[in-house]
Amino acid sequence: MNRHIDIEVSDEIRHACPVFKGAAVFAVVRNSSYNEELWNRIAEFTEMYRSKYTTDSIKDMPSIQATRQVYKKCGKDPSRYRPSSEALCRCILRGIPLYQIDTLVDLINLASINCGHSIGGFDMDKIEGGKLVLGIGKAGEPYEGIGRGTLNIEGMPVYRDAIGGVGTPTSDNERTKITAETVNLLTIMNSYSGIDGLEDDVEFMVNLMKEFADAKEIEIVYF
């Protein structure tokens with residue numbers, strides 16, 4: 001697989017979060033509807049996580065706190081429009097089982113809970129124009145969140161391709177979502193808390209991709 005998508009960070013995001021660091025992982029993968037071994041891993045991780053954190057203490061995790069702060073700086077209420085990483089963490093800490101989608105989405109969710117960073121997951125073949133730019137959502141900008149319908153992304157960090165928004169920390173877009181047919185995968189880990197620990201967090205995710213989605217031709221790009 002030849003990587004053909006460039007990723008840029010806009011000045012408005014750099015101004016809102018000077019320490020922002022992103023990691024894009026490109027890979028050829030094999031998706032499946034369900035993986036029992038992955039869900040055994042998720043169950044073990046969930047038990048460990050519940051013994052370590054509470055719904056109050058996760059707010060102080062550097063990765064989650066930094067994402068919340070960026071929402072505020074960009075003009076969004078992070079308690080009303082929670083970043084997906086925080087929403088997932090809160091879900092399992094409240095005793096609610098994670099929803100099961102497919103293997104790629106499930107392992108990305110596990111990786112997101114592990115690190116507290118929001119992670120975008122995209123079918124690379126659905127991204128238009130060969131470039132993604134991370135900016136801030138505008139008033140009235142059209143956006144269809146996965147399973148959420150029309151989403152008000154004004155004041156949210158948003159990745160845009162040549163057509164429009166494809167990913168925010170709250171929800172990715174229906175247009176570029178992962179499906180059973182996804183072969184060329186792009187995941188983007190967004191660290192609004194900076195570079196510290198990011199390589200380890202990416203390694204955790206990549207190992208899940210190798211183990212449960214037969215990931216090959218892996219390329220990691222930091223930006």
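Equivalent ellipsoid of region 3-134: semi-axes from √(5λ) of the C-alpha gyration tensor, largest first, are 26, 23, 11 Å. Here's the picture: a label point sits 7 Å out from the Cα of F223 along the beta-carbon direction, and within region 131-169 the residues with their amide nitrogen under 13 Å of it are 131-135, 158-162, 166-167.
On the principal axes of its alpha carbon atoms, region 171-223 extends 34, 26, 16 Å, with the longest extent given first. The string of couplings for region 90-100 from the Karplus curve (6.51, -1.76, 1.60, θ = phi - 60°) is 4, 4, 6, 6, 8, x, 8, x, 4, 6, 9 Hz, one whole number per residue in order, with x for Gly and Pro. Each principal axis of region 102-223 carries a Cα extent, and these read 40, 34, 26 Å when sorted largest first.
Considering only beta bridges that DSSP places wholly inside the chain, some 90 percent are antiparallel.
Spacing of the modelled spin labels on E128 and E36, each 7 Å from Cα toward Cβ, amounts to 4.3 nm.
Per the Debye calculation on region 4-65 with a single equal scatterer at every Cα and no solvent contribution, log₁₀ I(q)/I(0) for q = 0.13, 0.28 Å⁻¹ amounts to -0.74, -1.13. With R₀ fixed at 30 Å, the C-beta to C-beta distance from E211 to T55 puts the FRET efficiency at about 0.50. The local environment of I119, defined by Cβ-Cβ distances under 13 Å, has a net charge of -4 under the rule Lys, Arg +1 and Asp, Glu -1.
Relative to the Cα centre, the charge distribution of region 110-221, modelled as +1 at Lys and Arg Cβ and -1 at Asp and Glu Cβ, gives a dipole magnitude of about 400 debye. Here r is the Cβ-Cβ distance between A87 and T179 and R0 is 25 Å; the resulting FRET efficiency, rounded to 0.05, is 0.70. Please go through the residue pairs K21/K59; K52/K138; K73/K216; K21/K52 and name each one whose alpha carbons sit more than 30 Å apart in this structure. Flagged as over cut-off: K52/K138; K73/K216. The calculated FRET efficiency for A139 paired with D6, based on their beta-carbon distance and R0 = 35 Å, is about 0.80. Residue by residue, region 197-203 carries 3J(HN,Hα) couplings of x, 5, 4, 5, 5, 5, 4 Hz when phi is fed to the Karplus relation 6.51 cos²θ - 1.76 cosθ + 1.60 (θ = phi - 60°); x denotes Gly or Pro.
When all alpha carbon pairs of the chain are counted in 10 Å bins from zero, the resulting P(r) reads 8, 36, 40, 15, 1 %. Working from Cα pairs under 8 Å separated by at least six residues, relative contact order for region 158-218 is 13 percent.
Each value in this text was obtained by applying a stated rule to the coordinates, not by laboratory testing. Predicted, not measured: the structure shown is a model, and the values here were computed from it. Cβ: placed from backbone, ideal geometry, glycine included. Neighbour counts: every protein chain shown.
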